[in-house]
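Data block below; observations after.
Please treat every number below as a calculation from the coordinates, not as lab data. Every value quoted in this text rests on a predicted model; they were computed, and no experiment measured them. Positions of Cβ are generated from backbone atoms using ideal geometry, with glycine treated the same way; all protein chains shown enter the neighbour counts.
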Ligand SMILES: Cc1cc2nc3c(=O)[nH]c(=O)nc-3n(C[C@H](O)[C@H](O)[C@H](O)COP(=O)(O)O)c2cc1C
Ligand SMILES: Cc1cc2nc3c(=O)[nH]c(=O)nc-3n(C[C@H](O)[C@H](O)[C@H](O)COP(=O)(O)O)c2cc1C
C-alpha cells in the first residue's frame with residue numbers, strides 16, 4: 001500500500017498506521033475516555049441528508065470563502081495540531097507548503113515543532129496561530145507579538161484544554177515527547193526502522209515556539225498531558241481572552257466554543273470568529289459534537305461572526321452539510337495528520353486535492369454555483 | 001495485568017475476571033434475562049450530550065455534595081451490595097475503609113459478610129444500611145435495631161427484589177453461597193487457587209445480620225434467588241414501608257423506585273430520599289434505565305427529597321449528566337465491585353481516585369467549579 005492507494009480517510013489512516021510507531025499512531029487516533037464523542041463527531045453528519053436541486057446550470061462552482069480576513073480557495077483548512085515533526089521530519093513546514101499549493105490556510109499550534117518565524121519564511125499561505133494562555137504571561141505575550149511580526153493572519157485561542165483529556169491509549173502506549181521507550185513500544189519502533197531513522201537523523205525534537213521560555217517538553221521525557229497540566233492556566237477567563245484580543249488587534253477566534261451562550265459572549269469581547277470544536281473528541285468525552293450544535297449557534301450568531309466547524313470532517317459532503325447548517329468553513333485535524341504520516345507534504349497535498357475534488361463534485365451534484373447557496377433549505381435532519 | 005494497568009471500568013472488570021472463579025465473577029457481572037436493561041443502564045448516557053461553557057476560571061473544583069443531611073466529598077457513593085467477602089477476603093472492611101478515605105457514603109447490604117457493629121467501629125464516615133423486608137418480623141426488628149445502635153445514618157429499603165431476578169448466568173455457573181462445587185465450577189475454582197486459599201483461610205464466611213435467625217446463607221447451599229423468593233415477604237406494601245420509616249426515625253430511602261407515582265408516594269410516607277434504580281439490571285429485564293427516567297422524577301419530587309441516580313455508571317461524565325438533570329448524587333455497585341475483586345482496599349481506592357480525577361477534569365472542561373453549577377442548560381438530548 002502506498003499513497004496512490006489512498007482515496008479516503010480510512011486509507012490514509014491505514015497507511016499511517018503502517019508507517020508510524022504505535023504510540024504515535026494512537027496519539028493521533030485516540031480520543032478521551034470511551035471515545036463516544038470522537039465517534040459521534042463524524043456519525044452526526046449521517047443524521048442529516050442533503051437535498052439536491054437539479055438542472056441548475058452550475059458550470060464551474062466557486063469554492064472560495066473568506067475566513068480571518070483572507071480569501072481561501074476551498075472551505076476547508078488545516079486545524080492546528082501539535083508536534084507535526086513526529087509524523088514526518090519536515091512537520092509543519094510540509095503542512096504549510098501543501099496548504100499554500102491548494103490555496104488554503106495552515107494553522108500552527110503553540111506546541112509546533114517549528115517556530116513561527118521558520119514557517120513564515122517558507123510559505124506564503126494564509127496562516128492562523130493557535131494560542132494557549134500560559135501561567136507565565138510573558139510566554140503568551142511573546143507568542144502574540146511574534147505572530148504579528150511574522151504576518152500571521154489570525155489568532156485562535158483554544159479554550160477547551162484547561163486540563164488534559166483522559167486519553168487512555170496514551171497511558172497504555174506510554175506516549176511522551178520525545179517518545180519514552182518501554183519494552184513494548186520498543187518493539188513497535190523497531191518494526192518501523194524508516195521512521196526511527198528519520199527521527200534520529202533530523203533536527204532534534206523540540207517545541208520550537210516555547211523552547212526559550214521553558215525547558216518543558218524539550219529535553220526531558222515529558223508527556224503532552226503533563227505539559228498541558230503544568231503550563232496552561234486553568235484559571236483562564238473571559239478577561240484573559242479579551243486581553244489577547246486587544247494585544248493581537250486582528251482577526252481572532254475562540255477555539256472550542258460549544259454553547260450558544262458562550263458564542264454570544266465571544267461577540268461581546270470582540271471575536272471575529274469562533275471554532276465550534278470539542279478538540280476532536282480528545283477532551284471532554286460525552287460532549288456534544290460540532291455538527292449537532294452548529295445550527296443552534298449559527299441561528300443565534302451566524303450573522304455576527306464567522307463560524308468554523310472543527311471536528312469529525314472526513315468527506316466533502318460533511319463540509320457541504322456543515323456549510324448548509326450555517327458554518328462559513330470547516331477545519332480538520334486527524335485526517336490531514338494521517339496523510340502527513342503516510343506521505344509527508346505529498347500526503348497532505350493528496351488529501352487536500354481529494355477533498356477539493358469531493359467538494360467540487362458534490363457542489364455540482366447539489367446544483368450549487370457558490371457556497372452561499374448552501375443554506376438550511378439544502379439539508380433535512382432525519383430526527 | 002495488575003492494578004496499575006487499570007485505568008477504567010473495563011480494565012478493573014478484566015482484572016476481576018482473571019482473579020475470580022467464574023461463578024463469582026458472573027454473579028457480579030450478570031443481570032436478568034437477556035440483560036437488555038443492564039446494557040441500557042449505561043448506553044442511556046450516550047443519548048445526551050454535554051455542552052460545556054468556556055473561560056469560566058476553573059482552577060479549584062469542589063465536588064462535595066450533601067445528601068441525607070450528610071456532606072460527602074464526592075457526588076457519588078458506594079451502593080450496598082451483598083456478599084463482598086466472596087469477591088475479596090477483606091470484603092466490606094476494604095470497601096468501608098476506602099469510602100472513609102474519600103469521605104463518601106458506604107452502603108452496607110443486609111446480606112453483608114461483616115457486621116454493622118464492626119463496620120461502625122471501623123469507620124466514622126456516613127453509612128447507609130440497606131434493609132430487606134423479611135417474612136420473619138423478629139429478624140426485621142433485630143436488623144433495624146442493630147443498625148440504629150451502630151449509628152448508621154441512613155436506612156434504605158430495597159423495593160425491587162420482591163422475588164429473585166432471573167439471572168441465567170448464575171443458573172449456568174451454579175452460583176450459591178457458599179459456593180456449590182459442581183464439576184465445571186470446580187475447574188474454575190481450581191484454576192484460581194489464590195482465591196480459594198484466601199476464602200478458606202481468612203476467616204469463616206458468614207452473613208452476620210441473618211445468621212441468628214436462619215440457616216440459609218450460612219450452613220446450607222442456598223442461592224441468592226432462593227433467599228429472595230423464600231425469605232422475603234412478598235406482601236410488603238406501602239403501609240409496611242411507612243411503619244419502617246417511622247420505626248427507624250431517621251433518614252429513610254426507598255431503593256428501586258422507577259415511577260413518578262411511587263416517587264410521590266415516597267414523599268408522602270416520609271422518605272427523605274429515593275434511589276432511582278433497577279438493581280443494576282438484575283431484576284426486571286426490559287425495565288427502564290435510571291438515567292432515562294431521572295428527569296421525570298426530579299421534576300415531580302426533586303424539591304422534596306434527595307433523588308439518587310443509581311446504576312450503569314462507568315464514567316465521571318455519566319455522573320455529570322445525571323447531576324445536570326437534577327440528581328442529588330449518583331451511586332453504583334459494579335463501579336467499585338470489580339475493583340474490590342481486582343485489588344481489595346487498594347483496588348477500591350484506585351477506582352474511587354480514578355472517578356474523582358475524571359470528575360475534576362470533566363468539571364473543568366465543562367466550565368464548572370461546584371456541583372450546583374451543573375444544570376439542564378449543560379445538556380442537549382439527541
Ligand atoms: C494529534 C493532534 C494534535 C492536536 N494538537 C492540538 C493543539 O496543539 N492545539 C489545538 O488547539 N488543537 C489541537 N488538536 C485539535 C485539532 O486542532 C482539531 O480541533 C481536531 O483535530 C479536529 O477534529 P478532527 O481530528 O476530527 O478533524 C490536535 C488534534 C490532534 C489529532
Ligand atoms: C454483586 C451485586 C450485589 C448486589 N447486592 C445488593 C444487595 O444486597 N442489596 C441491594 O439493595 N442491592 C444490591 N445490589 C444492587 C446495587 O445496590 C445497585 O443497585 C446496582 O449495583 C447498581 O447498578 P451498577 O452495578 O450498574 O452500578 C447488588 C448489585 C451487585 C452487582
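Where Rh is the Kirkwood radius over the Cα pairs of the protein assembly as shown, the temperature 20 °C and the viscosity 1.002 mPa s, what D in µm²/s does Stokes-Einstein return?
Translational diffusion coefficient: 76 µm²/s.
Express the relative contact order of chain B as a whole percentage, based on alpha carbon pairs under 8 Å and six or more residues apart in sequence.
Averaging sequence separation for qualifying contacts and normalising by length gives 29 percent for chain B.
Just to be sure I understand: if I project the alpha-carbon convex hull of chain B onto a plane and average over all orientations, what area do I get in nm²?
17.5
At a 10 Å Cβ-Cβ cut-off, how would you order B:59, B:358, fewest neighbours first?
Exposure proxy ranking, most exposed first: B:59, B:358.
Would you work out if the stretch A:1-131 is rounded, prolate or oblate? Take a ≥ b ≥ c from the square roots of the eigenvalues of the alpha-carbon gyration tensor; rounded if a/c is under 1.5, else prolate when a/b is larger than b/c, oblate otherwise.
Cα axes put the stretch A:1-131 in the oblate bin.
Viscosity 1.306 mPa s, temperature 10 °C: Stokes-Einstein D of the stretch A:3-381 from its Kirkwood Cα radius, in µm² per second?
Taking Rh from Cα pairs, D becomes 77 µm²/s.
Counting DSSP beta bridges in chain B, what percent are antiparallel, to the nearest 5?
About 20 percent, rounded to the nearest 5.
With each run of n ≥ 4 DSSP H residues scored as -39500 (n - 2.57), what mean residue ellipticity at 222 nm is computed for chain B after dividing by its residue count and rounding to the nearest 500 deg cm²/dmol?
After summing the helix terms and dividing by residue count, I get -13000 deg cm²/dmol.
Report the calculated FRET efficiency for residue B:62 and residue B:100 (r = Cβ-Cβ distance, R0 = 25 Å), to the nearest 0.05.
0.80
With the calculation restricted to Cα positions, what are the radius of gyration and Dmax of the stretch B:193-326 in angstrom?
Cα only, the stretch B:193-326: 18.4, 52 Å (Rg, Dmax).
Looking at the protein assembly as shown only, what percent of DSSP beta bridges run antiparallel? Nearest 5 please.
So the antiparallel bridges amount to about 25 percent of the total.
With springs only between Cα atoms under 10 Å apart, run a GNM on chain B and tell me which of B:206, B:145, B:35 wobbles the most.
Highest fluctuation of the listed residues: B:145.
Report the full-extension gain for the segment residue A:56 to residue A:267: residue separation times 0.36 nm, less the Cα-Cα distance, to one decimal in nm.
Working it through step by step, the gained length comes to 72.3 nm.
Write down the percent of antiparallel bridges among all DSSP beta bridges whose residues are both part of the stretch A:3-381, to the nearest 5.
Looking only at bridges with both residues in the stretch A:3-381, the antiparallel portion is about 20 percent.
Which FRET efficiency value, to the nearest 0.05, is calculated for residue B:33 and residue B:233 with the Förster distance at 22 angstrom and r the Cβ-Cβ distance?
0.35
Under the definition of Cα pairs under 8 Å and six or more residues apart, what whole-number percent is the relative contact order of chain A?
29
Would you please give the FRET efficiency between residue B:121 and residue B:262, computed as 1/(1 + (r/R0)^6) with r the Cβ-Cβ distance and R0 = 41 Å, to the nearest 0.05?
Once rounded, the FRET efficiency stands at 0.70.
Please report the relative contact order for the stretch B:281-382, taking Cα pairs under 8 Å with a sequence separation of at least 6, and give it as a percent rounded to a whole number.
25
Taking only Cα atoms and a 10 Å spring cutoff, compute GNM fluctuations for chain B and point out the largest among B:322, B:346, B:190.
For chain B, modelled as a Gaussian network with Cα springs under 10 Å, the answer is B:190.
For every helix of n ≥ 4 consecutive DSSP H residues, a contribution of -39,500 (n - 2.57) applies; sum these over chain A, divide by its total residues, and give [θ] at 222 nm rounded to the nearest 500 deg cm²/dmol.
After summing the helix terms and dividing by residue count, I get -13000 deg cm²/dmol.
What nm value, rounded to one decimal, do you get for the distance between residue A:370 and residue B:213 when each label is placed 7 Å out toward the C-beta?
8.1
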